[in-house]
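Undergrad: For reference, the structure I am asking about is given below.
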Amino acid sequence: MVPNKHYKCPVCLKYCSDPDPTYGCWECCLYLHDGSCFETKLPPQIQHFYHPHPLTLSTTPRNVKCRACYEWSWNIIWYYSCKQCEDLGMDIPCALSVLAASTTTKSESQIQHFLHGHTLSLNKNKLDDQKVADCCVCRKGCTGPTIYVCGRDGNCKNIYFHKSCLEFPQQICHPFHPYHPLTLTLVEQNFYHLKKCNACRKSIHTFILYGHCSFAYICEGHKCDFLLHTECSTVMMPVITYEGHAHLLQFRDHNIENNKLNCSACKSNICESCAFTCLDCDLNLHLLCGPLPHSIKHKYHNVHPLLLTNSPVQEELEDETDEFYCHACEEERDPQLPVYYCAECQFVAEIKCVFSEVR
Ligand SMILES: [Zn+2]
Ligand SMILES: [Zn+2]
Ligand SMILES: [Zn+2]
Ligand SMILES: [Zn+2]
Ligand SMILES: [Zn+2]
Ligand SMILES: [Zn+2]
Ligand SMILES: [Zn+2]
Ligand SMILES: [Zn+2]
């Protein structure tokens, strides 16, 4: 058969070019390398660890973006697809790689993980500085000794994971989005709509823009557009409901957005280190403009009610002190932030220390 430079062999996805002998069918534009590609047996159905449903060999030509390697194949003639998930496709090399891997014994040095469609290998050697890669989960440099890599070419060149980052659960229930479970999965987004983490509001580095894959906890299968960095999923800040607002607000104890927040109530800048920020929209509130009750009873000081008061409190101003303590946790506190205060007993408590009573 005449070699054909314009068609890829569907078994290995390499071009059928000179001088490899090729089998071909003009009518279906199918070209196949002689030798191992021609002899490869394609099971009609396989079970791949990267997809919950069985995958079926398809012979209807179509454009396929492989679920495992994220590469497009145009008008490909053989591939695996899922009867239940319409747009899922997997090319032959990726689909069969799992069968080859399952015959070799699995060990700690070779693992199959729900975050990537190919077998990952443990890289015990430190990566050289020339090749500092970011972990796809935490986006921090992979400089430690225990790193898992895919090692294949193309998009997989950027697939690196810290061993510890592969221990995040696949699905979590999170108080920031109590309506649906969140799934740790690849963030795919279009060029014009940068996805942001709902907790810290920083953008997610993406595959399309940076040639880099990123994973985050996402609410899938609903129209929530809710997303959390893995590291933001482990920081448990209190959340509250706010009368008249449809979303949950989180109490943030450090101003991650560099004082760029404006209070939605009084319109002035939130320069303190604490604020309420909405998890689903851009609403931000000063602690004093927000939903905190004016007066609370607290177990640390149950003789009198504590009143929400600007800091420093009267007696601290009179003493001209430069040491500010919270009497609930007995640690130093930020004198910029409002406190709960009992003037009679001179008892001062940070808001975060009495939060459980405030909610
Ligand atoms: Zn081939
Ligand atoms: Zn593939
Ligand atoms: Zn499926
Ligand atoms: Zn990591
Ligand atoms: Zn890979
Ligand atoms: Zn975040
Ligand atoms: Zn949801
Ligand atoms: Zn909101």
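The values are calculated or read from the model by the stated rules, or taken from the named source; none is laboratory data. Treat the numbers as computed from the prediction; the structure is a model and nothing was measured. Quick reminder, even Gly has a Cβ in these numbers, built from the backbone with ideal geometry, and neighbours come from all protein chains shown.
Undergrad: Answer with yes or no whether residue 95 is aliphatic (A, V, I, L, M), more than 16 Å from ligand 4 (Cβ to nearest atom), closer than 27 Å to residue 116 by Cβ and assigned to a loop (DSSP other than H, G, I, E, B).
TA: Numbers: aliphatic (A, V, I, L, M): yes; more than 16 Å from ligand 4 (Cβ to nearest atom): yes; closer than 27 Å to residue 116 by Cβ: yes; assigned to a loop (DSSP other than H, G, I, E, B): no.
No: the conditions fail for residue 95.
Undergrad: What residue, of 100, 133, is of a type in the set (Gly, Ala, Ser), more than 16 Å from ligand 6 (Cβ to nearest atom) and modelled with pLDDT under 75? I'd like the intermediate steps shown before the answer.
TA: Details: 133 fails: modelled with pLDDT under 75.
Of the residues listed, the single one that is of a type in the set (Gly, Ala, Ser), more than 16 Å from ligand 6 (Cβ to nearest atom) and modelled with pLDDT under 75 is 100.
Undergrad: Taking the stretch 43-100 on its own, how many of its residues are among the β-branched types (Val, Ile, Thr), away from ligand 1 (no atom under 16 Å from the Cβ) and more than 26 Å from the chain's Cα centre (by Cα)? Full working, then the answer.
TA: So in the stretch 43-100, the residues among the β-branched types (Val, Ile, Thr) come out as 46, 56, 59-60, 64, 76-77, 92, 98.
Those still in the list that are away from ligand 1 (no atom under 16 Å from the Cβ) too: 46, 56, 59-60, 64, 98.
Add one more test, that the residue is more than 26 Å from the chain's Cα centre (by Cα), and what stays is 46, 56, 59-60.
Going through the stretch 43-100 one residue at a time, the tally reaches 4.
Undergrad: Given the criteria over 16 Å from residue 250 (Cβ atoms) and not aliphatic (A, V, I, L, M), does residue 272 qualify?
TA: Values: over 16 Å from residue 250 (Cβ atoms): no; not aliphatic (A, V, I, L, M): yes.
Here the answer is no, as residue 272 does not meet what is asked.
Undergrad: Name the one entry in 303, 239 that is more than 25 Å from residue 216 (Cβ to Cβ) and among the β-branched types (Val, Ile, Thr). Give the steps one after another, and end with the answer.
TA: Values: 239 fails: more than 25 Å from residue 216 (Cβ to Cβ).
The conditions single out 303.
Undergrad: I've got another one for you. For the stretch 146-176, what are the residues that are out of contact with any strand residue (DSSP E or B) (no Cβ under 9 Å at 6 or more places or on another chain) and away from ligand 5 (no atom under 16 Å from the Cβ)?
TA: Across the stretch 146-176, the qualifying residues are 164, 167.
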